[in-house]
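First up is the structure itself, then whatever we jot down about it.
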Amino acid sequence: MGKTTVGITCDIKGKFFESEKFYSEKILQAGGVPFYLPMATTKKDILSLVDKIDAIVISGSRDIDPALYGQKKIEKINPLDATRTTSEILYIDSMKRRKKKILGICGGMQLINVCLGGTLLQDIESIVSEALNHKDGANHSITIERKSLLNKIIKKEKIRVKSYHHQAVDRISSSLKPCAKSFDKIIEGIESADGNILGVQWHPELSNTKFDFEIFRWLTR
């Protein structure tokens, strides 16, 4: 059997592109073959691309338009990218229908939840007064649900991670379940019952820990 081909959603320039190169490095180290995916926005183009990959990383980037989950924008929303969001929603839907693995990282996790009917906290600080600092690389501990997919992958129930987000999953999709939380109850991981979808709020591609690497090993198996 050949190596697992993994598509990666991405920008084509700017600060997000600079960080997205780390995804391909981890996928190669895990034994997969990475491909950066174009921002296709038609079902025909998306389907032709999805047929050529075995798994996908929905990478984090900009905020998600609150209109997609039935809310109005608050002041603290960061710049949006409608083209990229549209493209990633089509990728998520097509990969899910084909029962192929989907890994959502940071904003990618949030978009998976929105795509499947969930909602977000638009700005953690504004809404959750007792929340930890989840921005700027803040280091904090999270608890993993026992017997969850994530628990089986990393074989740990508590880990420390760095966060770079100001939004978070609020109401979780009925198609998903939370698998990790920080002690302020912010959802740090989500997964599907069939084991094909995993989302993490932190950035395993920026870490050298064994447990983070195991996430990419799962993706490429």
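Taking the C-alpha atoms of the range 5-220, how large are the radius of gyration and the largest Cα-Cα span, Dmax, in Å?
Considering the range 5-220 through its Cα atoms, Rg and Dmax are 15.8, 46 Å.
Using alpha-carbon pairs under 8 Å, 6+ residues apart, how would you state the relative contact order of the range 1-109 in percent?
On the way: 158 pairs, mean separation 35.2, N = 109.
Relative contact order of the range 1-109: 32 percent.
Please give the calculated 222 nm ellipticity per residue for the chain, where each DSSP H segment of at least 4 residues contributes -39500 (n - 2.57) and the sum is spread over every residue; nearest 500 deg cm²/dmol? Intermediate values should be presented prior to the final figure.
Working: 7 runs with 69 residues, N = 221.
Dividing the helical sum by the residues of the chain leaves -9000 deg cm²/dmol.
Report the calculated FRET efficiency for Gln29 and Asp93 (r = Cβ-Cβ distance, R0 = 35 Å), to the nearest 0.05. Don't jump to the answer; show the numbers that get you there.
On the way: r = 29 Å, r/R0 = 0.83.
After rounding to 0.05, the efficiency reads 0.75.
For the chain, what does the relative contact order come out to in percent, with C-alpha contacts under 8 Å and a separation of six or more? It would help to have the intermediate numbers written out before the result.
Numbers: 448 pairs, mean separation 46.6, N = 221.
About 21 percent, as a whole number.
Where Lys and Arg each count +1 and Asp and Glu each count -1, what net charge lies around His166 among other residues with Cβ under 11 Å from its Cβ?
Working: positive: Lys76, Lys135; negative: Asp63, Asp123, Glu125, Asp136.
Surrounding charge for His166 is -2.
Rounded to the nearest 20 Debye, what is the dipole magnitude of the range 5-220 about its Cα centre when Lys and Arg each give +1 and Asp and Glu each give -1 at the C-beta? Don't skip to the answer; put the middle values down first.
Numbers: 33 positive and 27 negative charges, 136 e Å.
Using Cβ point charges on Lys, Arg, Asp and Glu, the range 5-220 gives about 660 debye.
Under 18 Å Cα to Cα from Lys21, which lysines show up? Leave out anything in the same chain fewer than 8 places away.
Within the straight-line limit of under 18 Å, Lys21 reaches these lysines: Lys13.
If you take the Cα Rg of the range 92-139 and divide it by 2.2 N^0.38 Å, with N the number of residues, what do you get?
Rg over 2.2 N^0.38 Å, computed on Cα atoms: 1.45.
Computed from the coordinates by the stated procedures, all read-outs in this text should not be read as laboratory data. As the structure is a prediction and not an experimental result, all values here were calculated from the model. Quick reminder, even Gly has a Cβ in these numbers, built from the backbone with ideal geometry, and neighbours come from all protein chains shown.
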